[in-house]
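Below: one structure, written as structure tokens.
The numbers here are math on the coordinates, done by the rules we state, and not lab data. In this text, all values refer to a predicted model and were calculated from it rather than measured experimentally. Here the Cβ positions follow ideal geometry from the backbone for every residue, glycine too, while neighbour counts run over all protein chains shown.
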Amino acid sequence: MSLEDLYREIILDHYRNPRNRGELPSPPSVRMEGFNPLCGDEVVLYVLVDEESGRIADIRVGGQGCSISQSSASMMTQAVKGCTPDEARRLIHRFKAMMSIHEHQLDGESAGAATEGADGGDDDGVGERAGSTGDLGELEALRGVVRFPVRIKCATLSWNALSQALDEAGSPALSDR
Ligand code: ZN
């Protein structure tokens with residue numbers, strides 16, 4: 001099975017069996033909607049940040065849309081559940097860096113990312129480090145989306161909603177200047 005096949009399997013698995021699907025009472029959770037008019041995707045996100053632990057105690061997602069948008073949302077909920085808002089913001093940043101790596105260099109110093117081709121076989125480590133997107137686990141399955149710019153908004157929809165939800169939850173931004 002090629003890496004591309006494996007990635008497709010992961011995406012389809014999350015699309016068919018979405019994790020953390022549903023709703024949470026709001027309040028205390030923050031409800032945030034996201035809509036991608038380009039594709040008709042929608043996500044409804046519920047984020048509960050526990051005040052005592054300061055962590056994302058629960059997160060649920062509803063909505064409908066294409067396999068990219070819905071599987072990305074499912075993977076996101078798995079990735080950030082139990083994280084602090086700061087950790088979640090770091091992950092959002094890294095995921096969006098991965099999604100924009102071919103469009104425009106997000107970080108000025110990541111010139112090395114330009115050499116990261118579609119094959120990506122022998123350059124792990126250096127190439128990934130350049131965009132600081134290593135260790136994204138299953139989220140790597142969405143890496144191929146960058147080759148289809150129109151789908152990038154599908155993949156980032158839920159992540160933008162999470163970013164807004166964390167803002168609304170009142171947590172200080174990671175890099176507040
Ligand atoms: Zn879509």
Full-extension gain in nm, Asn17 to Arg147, via 0.36 nm per residue minus C-alpha separation = 44.3 nm
request  = Could you work out the Kirkwood radius for segment 1-58, taking every pair of different alpha carbons, averaging 1/r and inverting it, reported in Å?
outcome  = 13.9
key: Percent RCO, i.e. relative contact order, over segment 18-58, from Cα pairs under 8 Å lying at least 6 residues apart   = 32
task = Give me the distance in nm between label points sitting 7 Å out from Cα along the Cα-to-Cβ direction at Glu51 and Cys83, one decimal.
result = 2.5
request  = Just flag the GluC sites (Glu not before Pro) in segment 18-97 sitting in loop per DSSP whose Cβ has no more than 14 other Cβ atoms within 10 Å.
outcome  = Glu23, Glu51, Glu52
query = Which of Arg89, Arg55 comes first, and how do the rest follow, when ranked by fewest Cβ neighbours within 10 Å?
reply = Arg55, Arg89
request  = Kindly put Arg60, Arg21 in sequence by how many other C-beta atoms sit within 10 Å of each C-beta, fewest to most.
outcome  = Arg21, Arg60
key: Cβ-based exposure ranking for His93, His14, in which fewest neighbours within 10 Å come first   = His93, His14
